[in-house]
1. Mind checking which residues of region 431-445 are in contact with a helix residue (DSSP H, G or I) (Cβ under 6 Å, 6 or more places away or on another chain) and under 25 Å from Glu245 (Cβ atoms)?
2. Which one of these is within 27 Å of Asn478 (Cα to Cα) and touching a Gly at 6+ places or on another chain (Cβ under 9 Å): Ala395, Ala325, Ala382, Ala313?
3. Test Val206 against the criterion of being in contact (Cβ under 8 Å) with a residue 12 or more places away in the chain, farther than 17 Å from Leu475 by Cβ, of a type outside the set (S, T, N, Q) and surrounded by 21 or more Cβ atoms within 10 Å (Cβ to Cβ), and give yes or no.
4. Just give me the residues in region 209-245 being of a type in the set (D, E, K, R), touching a residue at least 40 places away in the same chain (Cβ under 8 Å) and closer than 18 Å to Leu180 by Cβ, in sequence order.
5. Take region 490-499 and flag every residue that is of a type outside the set (A, V, I, L, M, F, W, C) and either surrounded by fewer than 16 Cβ atoms within 10 Å (Cβ to Cβ) or within 16 Å of the ligand (Cβ to nearest atom) (or both).
6. Go through Ser403, Ser362, Ser392 for me and flag whichever is of a type in the set (Ser, Thr, Tyr) and closer than 14 Å to Met293 by Cβ.
7. Against the definition (of a type in the set (D, E, K, R) and more than 16 Å from the ligand (Cβ to nearest atom)), how does Glu174 come out, yes or no?
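The values are calculated or read from the model by the stated rules, or taken from the named source; none is laboratory data. Computed from a predicted structure; not experimentally measured. Note: ideal-geometry Cβ built from the backbone for every residue, glycine included; neighbour counts use all protein chains shown.
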Amino acid sequence: MYRSHTCGELGIKDIDREVTLSGWVQKVRDKGFVVWIDLRDRYGLTQLVFDEERTPKQLLEQAKALGRETVVRVLGTVIERASKNPNRTTGEIEVLVKELSILNKALLPPFTIEDETDGGDDLRMKYRYLDIRRTPIRDNLIFRHTVTMEVRNYLSAQGFIEVETPYLIKSTPEGARDFLVPSRMNEGQFYALPQSPQTFKQLLMVGGMDKYFQIVKCFRDEDLRADRQPEFTQIDCEMAFVEQEDVLQMFEGLTRHLLKAIKGVEIGPFPRMTYDEAMRRYGNDKPDIRFGMEFGELNAVAQHKDFNVFNTAELVVGIAVPGAASYTRKEIDKLIDWAKRPQVGAKGMVYVKCNEDGTFKSSVDKFYDQEDLAQWAKITGAKTGDLILILSGEANTTRAQLSTLRMEMAERLGWRKPDEFAPLWVIDFPLLELDEATGHYHAMHHPFTSPKPGQLELLDTDPGAVRANAYDLVLNGNEIGGGSIRIHDKETQAIMFKHLGFTPEEARAQFGFLMDAFQYGAPPHGGIAFGLDRLVAILGGQETIRDFIAFPKNNSGRDVMIDAPATIDEEQLKELHLKVDA
Ligand code: ASP
């Protein structure tokens with residue numbers, strides 16, 4: 001027998017009990033006449049004790065010689081500790097060891113396996129299995145399991161069926177590149193790994209499954225941005241015979257349940273905001289509404305004087321930062337430099353201090369009088385003591401810049417609290433998005449999203465104005481889920497493909513199976529997918545998803561532990577009918 005108990009469960013109630021424990025040696029404290037060892041397993045730490053008085057000499061020597069991370073089994077008696085450790089569940093007891101066997105030796109680990117580690121990111125990733133022994137990572141993985149179980153149980157109780165869909169498929173466009181897998185048995189042909197199970201879940205609706213979900217890996221070959229993974233996990237869902245309202249209700253229910261079950265917070269009905277409103281008020285389609293600092297558009301009150309920067313701008317827009325009028329000139333200059341960094345991209349920034357005495361002091365006093373500035377304060381909601389920050393330029397770019405600035409100021413003000421949750425729905429997204437580089441429209445969500453009723457005709461005259469039955473669930477400034485009501489008839493789908501630049505032949509070649517299926521009685525349907533990694537990280541009160549993934553890839557998409565991707569040998573290349581030389 002390897003163990004009668006785990007290293008996390010013994011306490012005062014077990015005094016005098018004979019126990020067997022197995023685990024890893026975390027720390028050896030050798031005081032000469034007495035040796036203490038912290039023994040670790042998944043469940044916790046238990047202190048082992050060996051001393052001159054009660055331990056045979058040979059066993060004492062053996063204990064002293066144990067290296068860190070050695071795997072051992074011990075047999076001993078639970079005794080009360082003289083000096084108790086209230087920070088540990090097992091802190092009131094220790095085990096006086098009678099027998100010790102070494103189950104496996106261990107090399108000296110390349111970093112300390114404790115809550116605080118001296119290991120850098122790369123090292124921890126290379127030896128991820130050691131990193132997982134550390135409490136924070138272990139707890140994150142267990143936390144992820146808990147969230148996943150809550151999701152499964154909730155959806156199952158609502159009548160959803162988990163169905164697996166294939167990984168070796170044909171392209172499903174979600175706006176990224178596909179990972180491709182060459183087919184050995186079909187020369188010159190490739191599978192694509194799914195960017196999502198989108199078409200399959202729609203086919204399941206045609207198949208009458210009615211309510212589907214799947215906790216599923218998705219693959220997107222994107223240029224890696226910070227904290228993105230080329231493979232990630234979605235909670236993918238679809239329902240038949242539903243309207244947008246039904247989907248929103250169902251998944252608001254799921255999210256509310258998770259917040260209650262996992263975080264113990266009760267949240268009322270989620271606010272809803274159209275995409276246009278979110279852009280206007282927050283400059284962002286995933287606004288963090290834990291705090292205000294809403295945008296105030298100043299065109300009408302700032303474009304009547306000789307300040308050309310504003311006069312030539314498409315948009316002049318500002319936010320009022322509470323209490324920041326006390327910023328010194330130097331601090332403001334630093335903030336302006338911050339806004340001008342390439343990551344933010346502002347060309348400059350105008351500021352107005354709302355002084356305690358009710359007067360205003362701005363960087364554009366030459367052009368604007370107190371009355372003008374009072375108007376700006378009114379529109380941005382600034383009070384005495386606030387600092388108004390104003391950006392101007394092309395509307396979309398300026399909104400994005402001010403949104404970044406808003407988040408930064410909220411961070412500085414300590415308003416981005418990890419234990420506060422403010423979900424909302426953003427609805428009525430544009431159906432299409434103009435790709436500035438090519439001048440072509442592409443689907444903002446994906447090509448299977450239906451336009452709002454009655455808007456199909458607009459596609460010919462003003463494609464950018466068409467709104468979709470598409471929605472995002474936003475939590476604390478992150479998009480945690482997104483979905484839509486789908487097109488379910490062949491004709492509409494054909495019109496969509498045409499507007500996305502597919503010839504009928506191309507559409508048939510790529511999506512013929514779906515268009516065919518629509519002819520055999522496709523029910524109205526819609527759904528949503530949540531990004532599980534992000535959701536878990538936010539619920540866990542952390543920013544990085546990597547710490548909630550057992551074996552993540554680094555920022556260049558590499559698994560540095562197994563060293564993938566890797567070259568393959570010529571034999572394999574040949575077998576796969578891939579050319580060896582370029
Ligand atoms: N397939 C979509 C996505 O991966 C989600 C959905 O429309 O249900 O973003």
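1. Correct list: Leu432 only.
2. Ala382
3. No.
4. Lys217, Arg220, Asp221, Glu222, Glu231
5. Result: Lys490, Glu491, Thr492, Gln493, Lys498.
6. Answer to the check: Ser403.
7. no
Per-residue answers, yes or no, for (1) of a type outside the set (S, T, N, Q); (2) surrounded by 13 or more Cβ atoms within 10 Å (Cβ to Cβ); (3) more than 44 Å from the chain's Cα centre (by Cα):
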residue	(1), (2), (3)
Lys13	yes, no, no
Arg17	yes, yes, yes
Val35	yes, yes, yes
Val71	yes, yes, no
Leu75	yes, yes, yes
Asn85	no, yes, no
